[in-house]
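Below: one structure, written as structure tokens.
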Amino acid sequence: MRGKVCGQGSVGGNVMSEVPEVLFVCVHNAGRSQMAAALLDRHAEGRVLVRSAGSAPASEVNPAVVAALAEVGVDISKELPKPLSTDAVEAADVVVTMGCGDACPVFPGKRYLDWDLEDPSGLSLEEVRPIREEIDRRVRDLLDSLVGHSESN
């Protein structure tokens with residue numbers, strides 16, 4: 001299943017086009033999956049529909065994660081952790097898990113990736129920066145695999 005995005009056609013009319021959907025999942029949806037979703041959304045510039053969720057969502061996004069993304073011009077200060085739903089997994093073309101174990105339902109025909117990344121929970125901003133950089137590298141690789149090479153922020 002692919003998301004529909006409305007854009008401008010070459011003659012000025014609106015055109016519906018299909019874009020790949022990516023779902024990032026971690027346990028609390030307060031760190032890794034939030035960073036990955038925000039960075040992919042930034043780099044994709046509308047060419048990918050991006051969602052994130054947690055198998056046991058926290059009450060707020062990790063403040064060090066918010067600060068680490070703000071340093072690179074990405075504002076997630078208004079984001080809230082979201083619960084993982086079967087519908088979100090079913091709608092996604094690619095599901096990227098980050099330490100959520102078997103909590104994510106598996107559907108045939110989906111591309112599943114498991115990114116082994118350190119959990120930023122309880123870490124300082126200085127300790128979160130390398131995690132952000134690794135997620136950014138992986139997100140750019142994923143984007144290239146979905147829509148081809150692009151110059152981005």
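The values are calculated or read from the model by the stated rules, or taken from the named source; none is laboratory data. All figures in this text were calculated on a predicted structure; none of them were measured in a lab. Counting neighbours? That spans all protein chains shown, and the Cβs are built from the backbone with ideal geometry, glycine included.
Hey, among the residues in the stretch 106-145 that are touching an Asp or Glu at 6+ places or on another chain (Cβ under 8 Å) and more than 23 Å from ALA70 (Cα to Cα), which one's surrounded by the most Cβ atoms within 10 Å (Cβ to Cβ)?
LYS110
Take GLU126 and tell me if it is modelled with pLDDT of 95 or more, part of a helix (DSSP H, G or I), farther than 17 Å from ILE76 by Cβ and acidic (Asp, Glu).
Judged against the criteria, GLU126 is a match.
Hey, can you tell me all the residues within the stretch 99-128 that are of a type outside the set (Asp, Glu), more than 26 Å from GLU18 (Cβ to Cβ) and within 16 Å of the chain's Cα centre (by Cα)?
GLY99, CYS100, LEU117, PRO120
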